[in-house]
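The values are calculated or read from the model by the stated rules, or taken from the named source; none is laboratory data. Nothing here was measured: the structure is a model prediction, and the numbers come from that model. Cβ placement follows ideal geometry from the backbone for every residue including glycine, while neighbour counts extend to all protein chains displayed. Heavy atoms of the whole protein, side chains included, go into the accessibility calculation; ligands, DNA and RNA do not. Shrake-Rupley method; radii C 1.70, N 1.55, O 1.52, S 1.80 Å.
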Amino acid sequence: MGRFGWRSGRKGIPNEPALLAAAAENPGGSVAEIDPTHIDDPDGYVPPEAIRGAWLVDSNGKLTGEYQKNPRHGAPQDDFSKLTDPDHWLGWLGDDPATAVRNGIEESLRAQVADAVVEWVKILETPRFLTAGRPRSDDEQVMLVTRAALAAPFALSVRTTQHGRSVLLGVFSWAAVNLAPPGARKDRHWFDLGVGLDRAGERLQERIYEIRD
């Protein structure tokens, strides 16, 4: 794992078998300390904020006793920068695309479990985007967008009464048609767990035309 920039005054070498074993597997690197307040499975996806810090490991796979605090440690936060940073038109998602996608994800989860509450969402890669359109009748130099879609890979934490907290990985897809008059707009969501972006991108090519005008 990457090293943090702020070294703490913590002294001594922990005598924890799991920590020592992890150090032996990472000579010259570091071993993260995960905050169980924010994450239940340290072997699954761990958001950066859930890492308290890291123990440094020497070239022989032994803990040096030096500990680096993570300045970002705290409650995990939403991160939609990979959705909004690319120079791609997202006007079909309204004035706040990040909120629109987050609400779509939560609606998809609540369709399966009514009391699902999303704690945080992180878009992990630049989504796949698709748009289709037609020339405007009175000016063929102007293109009217009629269909649009995206497939966004995510990690998220969701809580339900029955299952408690779960961290999920997958791809959220959204397609919309009839974006230009005279038809009535139609939207559809897909929530695919355990699916990679390449596969979801292939499906998006089909899904954007599954919704009938």
Check: How big is D for the chain, in µm² s⁻¹ as a whole number, if Stokes-Einstein is applied with the Kirkwood radius of its Cα pairs at 10 °C and 1.306 mPa s?
Finding: 80 µm²/s
Notebook entry, point to check: In Å, what is the Rg of the alpha-carbon atoms in the range 138-213, and how long is Dmax?
Noted result: 16.3, 57
Next item on the list: Would you look at the GNM of the chain, springs on alpha carbons closer than 10 Å, and say which of Asp78, Asp43, Asp96 moves the most?
Entry: Asp43
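So which chymotrypsin sites (Phe, Trp or Tyr not before Pro) in the range 42-92 pass both tests, a DSSP loop state and at most 14 other Cβ atoms within 10 Å of the Cβ?
Working: sites: Tyr45, Trp55, Tyr67, Phe80, Trp89, Trp92; in loops: Tyr45, Phe80, Trp89.
Of the chymotrypsin sites (Phe, Trp or Tyr not before Pro), the ones in loops of the range 42-92 whose Cβ has at most 14 other Cβ atoms within 10 Å are Trp89.
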Next item on the list: May I ask for the percentage of alpha-carbon pairs in the range 34-105 that lie more than 21 Å from each other?
Entry: 51 percent
Notebook entry, point to check: In a GNM of the chain with a 10 Å cut-off on Cα contacts, which of Ile13, Ile39, Ile105 has the highest mean-square fluctuation?
Noted result: Ile13
Check: Over the chain, what is the mean sequence separation of C-alpha contacts under 8 Å (at least six apart), divided by residue count, expressed as relative contact order in percent?
Finding: 14 percent
Next item on the list: Find the accessible area per residue for the range 50-179; the probe is 1.4 Å, ligands and nucleic acids are left out, and the unit is Å².
Entry: 49 Å²
Checklist line | Max mean-square fluctuation residue, GNM over the chain, Cα-Cα springs under 10 Å, options Glu119, Glu33, Glu66 | finding: Glu66
Check: Cα-based count: Lys pairs in the chain below 25 Å, eight or more positions apart or different chains?
Finding: 4
Item checked: Thr161-Glu119 pseudo-label distance in nm [points 7 Å out on the Cα-to-Cβ vector] -> 1.9 nm
Checklist line | Between 0 and 90°, nearest 10: helix 197-207 axis offset from the chain longest Cα axis | finding: 20 degrees
Next item on the list: Find which of Pro86, Val57, Ile13 sits farthest along the positive direction of the dipole of the chain, computed with +1 on the beta-carbon of Lys and Arg, -1 on that of Asp and Glu, about the Cα centre.
Entry: Ile13
Next item on the list: Note down the relative contact order for the range 35-75 as a percent, whole number, built from C-alpha pairs under 8 angstrom at least six residues apart.
Entry: 39 percent
Checklist line | Residue-averaged [θ]222 nm for the chain, counting only DSSP H segments that reach four residues, each worth -39500 (n - 2.57) | finding: -5000 deg cm²/dmol
Notebook entry, point to check: Between the DSSP loop rule and a limit of at most 15 other Cβ atoms within 10 Å, which trypsin sites (Lys or Arg not before Pro) in the range 158-213 are left?
Noted result: Arg185, Arg212
Checklist line | J(HN,Hα) series, the range 85-94, from Karplus relation 6.51 cos²θ - 1.76 cosθ + 1.60, nearest Hz, glycine and proline x | finding: 6, x, 7, 10, 5, 10, x, 5, 9, x
